[in-house]
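Written below as structure tokens is the structure these notes are about.
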């Protein structure tokens, strides 16, 4: 799930009498669907409108009552087809304010992010599995024989690349060193590779980060990963698909030649 809150900065006729807050959340669902929810917070007497441009399609919503309002709808367009733009405008008889927001939500059609192979048959989340035997996360994504803790970026990466089980270990920031000489590596992004971020190199944290490369386009990567914060924010220990800059990555661990070919 991708969810974020935009600070309630204002732009109105007389300098701050009316405020507008905007929160956008996107939840990937099976069947190439995403649920989009827009929440606008404002004064109890204000009425609001929302204009949304999503992947070339424009739609608008209007509140049926004054005060804060929530709109929710389903979309098959949430993803790599381009940025979304949201414009919330609220008005009272004497004041108006607006809040504009732009994002690339990710989780387009759940791309490949929710691939669970090899899956644990019949498992329902959350399922505790014996250590080293595999695990499922709270979203129902399961990997057999995955030695890492469910929900961590390392868990999801080895789940997508089981050929690296027993080769990599520990923090993601150490994976390039651990795989050196045991798996092909390089600095050029390739679909199917694992992108590795060094520790404390933005936007990775003190343990680094690792993600599965789903698409490469114009110096950016569409990555599938877990326990990451795509813009603007996202719950921890969940799987996401989102865009990142390729130049933020330290290096890549490529798939075996047979898999790559």
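Scanning the stretch 195-218 for residues that are touching a residue at least 60 places away in the same chain (Cβ under 8 Å) and surrounded by 13 or more Cβ atoms within 10 Å (Cβ to Cβ) yields 212, 214, 215. Criterion first (in contact with a helix residue (DSSP H, G or I) (Cβ under 8 Å, 6 or more places away or on another chain) and either surrounded by fewer than 23 Cβ atoms within 10 Å (Cβ to Cβ) or part of a helix (DSSP H, G or I) (or both)) does residue 178 satisfy it? Criteria not met by residue 178.
Taking the criterion of being part of a loop (DSSP other than H, G, I, E, B) and buried (at least 19 other Cβ atoms within 10 Å of the Cβ), the only residue of the stretch 153-174 that qualifies is 161.
Here, each number is a calculation from the coordinates, and none is a lab measurement. All of these numbers come straight from a predicted model, not from anything done at the bench. Counting neighbours? That spans all protein chains shown, and the Cβs are built from the backbone with ideal geometry, glycine included.
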